[in-house]
Amino acid sequence: MIGAFLVKKRVLDGNEALNRKDLDAFLKDWAADAVLEYPGKIPGVGGIYEGKAAIQRFYQRDFEQFPELKITLTHIAVTNIFDFLGNNVVFTKWEADVTNRDGYRLRNSGITVIKIKSGKAVHVKQYIFDTGEEFNKAWGVEAM
């Protein structure tokens, strides 16, 4: 149970850092060779980002596109509540309220799956529930 508590605390701290746009604090628990999978078909946005530097560039772009960003975690589930080695899988359900640099506001939600090894995120996959027209518009892209 302590293992689950600790990993949930780290996830909550990471989410707070994301909302503050503090990339150093947000990425401190990511492995150097971590992988981020982000959905959608928007060139330069949707895809697979390999390595902490590529993930940092993705989030810098995200912050530039969305000067107003609020991610609220509504649920956190941990697969191994007794883990003390830092190897686990965490599922978060979240709601996003963002406004892009053109003033377009989008509310969306999704699930993030985080695979953790030795206390560091090694693979993060985002599942965003609406990646259609509104999602594209928020990223500044016409319908695809």
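Go through (1) 15.0; (2) 15.6; (3) 16.1 and flag the label whose value is the computed Kirkwood radius over Cα pairs in Å for this structure. Structure-derived value, by its label: (2). For THR99, the solvent-accessible surface with a 1.4 Å probe is about 20 Å², rounded to the nearest 10.
Would you mind checking LYS41/LYS117; LYS70/LYS117; LYS21/LYS137; LYS28/LYS117; LYS115/LYS137 for any pair whose Cα atoms are more than 25 angstrom apart?
Going by Cα-Cα distance, LYS41/LYS117; LYS70/LYS117; LYS115/LYS137 fall outside the 25 Å limit.
Per residue, the average separation of C-alpha pairs within less than 8 Å and at least 6 apart gives the chain a relative contact order of 23 percent.
For THR92, THR72, the ranking by accessible surface with the largest value first comes to THR72, THR92, using a 1.4 Å probe.
Against the criterion of solvent-accessible heavy-atom surface with a 1.4 angstrom probe, LEU6, LEU73, LEU36 sort, most first, into LEU6, LEU73, LEU36. Take ILE48: with every protein chain present and a 1.4 Å probe, its accessible area is about 110 Å². To the nearest ten degrees, helix 52-65 and the longest principal axis of the Cα atoms of the chain are 40 degrees apart. Rounded to 0.05, the FRET efficiency of the SER118 and LYS70 pair, given R0 = 25 Å and the Cβ-Cβ distance, is 0.20. Taking all protein chains together, SER118, SER109 sort by accessible area into SER118, SER109, largest first [probe 1.4 Å].
The values are calculated or read from the model by the stated rules, or taken from the named source; none is laboratory data. This structure is a prediction, so every number in the text was calculated from the model and none was measured. Cβ atoms come from the backbone with ideal geometry, glycine included; neighbour counts cover every protein chain shown. For the accessible areas, the whole protein counts, side chains as well, though only heavy atoms, and no ligand, DNA or RNA atoms are used. Shrake-Rupley method; radii C 1.70, N 1.55, O 1.52, S 1.80 Å.
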